Structure formats: C-alpha cells, structure tokens
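The values are calculated or read from the model by the stated rules, or taken from the named source; none is laboratory data. Since we're looking at a predicted model, the values are computed, not measured. In this analysis, Cβ positions are derived from the backbone assuming ideal geometry, glycine residues included, and neighbour counts consider all displayed protein chains.
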Amino acid sequence: MIFHTLKRTALLTPSLLAIILICSSEGLAQTSLPNGSQPQPTPTPSLEKKFIVNLLDDQRAIWTSPFHLHQTDANWLAPLGLSTIALIATDRRTSGKLVEHGDNRSRLRISRDISRLGSVYSTGGLAAFLYLTGRATHNDRLRETGILGAEALIDSGIVVGALKTASQRQRPPIDDSSGEFFDGGSAFPSGHATSAWSLATVIAQEYGHHRPLVQIGAYGLASAVSLSRYTGRNHFLSDVLVGSAIGFGIGRYTYQKHHDPALDALNKKQHNDPVRSKLFPHIVPLYYPRAHVYGGMLAWKF
C-alpha cells in the first residue's frame, strides 16, 4: 500500500512542486531603487485601476516560476518536497489515528467552527472590510492591506482550483482514509488553509515589522485554521501543508510585488510620534497677557 501511494506521489510531485515554487517570490518580487533615491508615493487609486492587470501578471509569474529558480531555492524546496512526500505516504495512518476510538463530536464541532475563519466568505469579507475602512478613514496602509489581501485570495483560489482538478484526491472519510489521487475527489490541497495563509501573510507583511503582535496573531489564526481542517477530518496533513505553503508564498509574493514602499517611510514617522507621546506628553505653553495668566498644557496622544 505504501509503495502504491509513493508511486502515485512520484507522478504528482513534479507538477506540485512547480506550483509551490511561487514561495521563491523573494527573487521574483525584489526590486531595487537607484542609490540615494527615495520611494515616491503612488496615486491612491493605482492599485484599484491595476487590479485586473496585476492579477494577470501574478498568474503569469506563478505558473512560470519554475523557470526563475536559483540555486539557493533548494534550501527550502528540498525540505518542503520531502515533507510533502513523507506526509502523503503516511496520510492514511495519521488520519486513521483520529478515528481509532470513534469520531469525537466535540473535536469535530470545534474544528468546524475554527475552519470557518478560512472560508471564502470570512477571508473575502475581512479583506473587503479592511479596504473599505482604509478608504473611509484615508488610511493608505489599511486600504492597501485590503486590496492586496483580495488579490492574494483570488490568486491562490485560482491555483488551488487548478490543483484540485488535477489531483482529484478523495477526502479522509471516503474509502477508509485511502487518500487516493485521480479518483474524483477535491481534497488536495486545502483551500481553507490556502485562503487563511494568503490573507494572514499580507496582513503580517504590512504590519508585522512594527507591530509583532499583529504578525503573531495573523499567523496563529492561519495555523489554527489549517490544523482544524485535519482534526475535522476534512483534509489530510499533506493537504494542509501544501495549502499553507501555497497561501504563504502567494501572500508574500503579492505584498513584495505590489506594496508601495512610500508607506513605510510615512508609517515610520507616524509610528514614532505616538510612541513618543505615550511616554512623554506634548508640552504646550499657555499665555494670556491681558489676564496676566501663565501656564502650560500637557497632552498625551493615544
């Protein structure tokens, strides 16, 4: 059985790794500025106007990513590929561990509730909320987070849809967790894990540099969603791993490719001022010569 599974895995792995190569987005998305130049802010509606064009560019980069490999990519590609193969080979055993003593209703219920955070409705709704809030409050970073999050979700949705169609893997409850590929299923990879990690990565990249708790929270929730798809017996561990890797890679690529660097300089200025005012107040002198009143006002900004 294990040999049969490995044989099927060997057929699927080359095309699978070709898709996950988008995780090497660091090399695809890096851009350099001329020495001494400063990043210039882009017009506010630029991301909106280029949304469709950016999606097409993203898809071209994703599907041609195997042709942009570098030798250093083996540092992450080899462990990811080996881990995927190992999990596929042991998926039936690890999935079977969950049902050795019968399905636990509490576990299934909790897993189902957590996994809803990775649904299209939840992730898409959150991206829309971030974008609309950013536009309404004139917060360019929040606006960018929303629109890049939506872009990453669409990009990852296209990739996952193609992989599900190609792999056709059965879900754990079918045929005693056999996990057969090319058998009319839709388990590989996990769409919930992909969506959760796509949006979480964009949020973490946008705010994680100066707000580490945001990064921890975003990745923590994405990890919880991914794990819940396994504990809820919706996916095998390999489905979750590959979905998470795709989501992380596409989210990271989307941010690095389309992020406006001018926001970083603006955010640094805005971030330093509140920190300083929380620790030390602004001192404003007050003087009314006619009343011969002298004084001062202390103002804390929170």
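Key figures
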| read-out | value |
| --- | --- |
| Residue within region 218-229 that is buried (at least 19 other Cβ atoms within 10 Å of the Cβ), at pLDDT 95 or above, over 16 Å from the mean Cα position of the chain (by Cα) and not β-branched (Val, Ile, Thr) present | yes |
| Where a residue in region 174-185 is in contact (Cβ under 8 Å) with a residue 40 or more places away in the chain and its partner, wherever it lies, is of a type in the set (Ser, Thr, Tyr), with Cβ under 7 Å and at least six apart | 177/95; 181/167 |
| Verdict on residue 159 being closer than 18 Å to residue 241 by Cα and at pLDDT 95 or above | yes |
| Single condition residue 175 does not satisfy, out of (1) outside any helix (DSSP H, G or I); (2) of a type in the set (Asp, Glu); (3) under 16 Å from residue 206 (Cα atoms) | (3) |
| Single residue of 233, 229, 211 found to be basic (Lys, Arg) and touching a His at 6+ places or on another chain (Cβ under 6 Å) | 229 |
| Hey, residue 142 without any contact (Cβ under 8 Å) to a residue 40 or more places away in the chain and either over 19 Å from residue 224 (Cβ atoms) or within 24 Å of the chain's Cα centre (by Cα) (or both) or not | yes |
| Among residues of region 230-249, those that are surrounded by 21 or more Cβ atoms within 10 Å (Cβ to Cβ) and among the basic types (Lys, Arg), counted | 0 |
| Filtered residues of region 214-239 (kept if farther than 16 Å from residue 113 by Cα and in contact with a Phe, Trp or Tyr (Cβ under 9 Å, 6 or more places away or on another chain)) | 214, 215, 218, 219, 236, 237, 238, 239 |
| Filter result for residue 149 (crowded, with 24+ Cβ neighbours inside 10 Å and either closer than 21 Å to residue 263 by Cα or of a type in the set (D, E, K, R) (or both)) | yes |
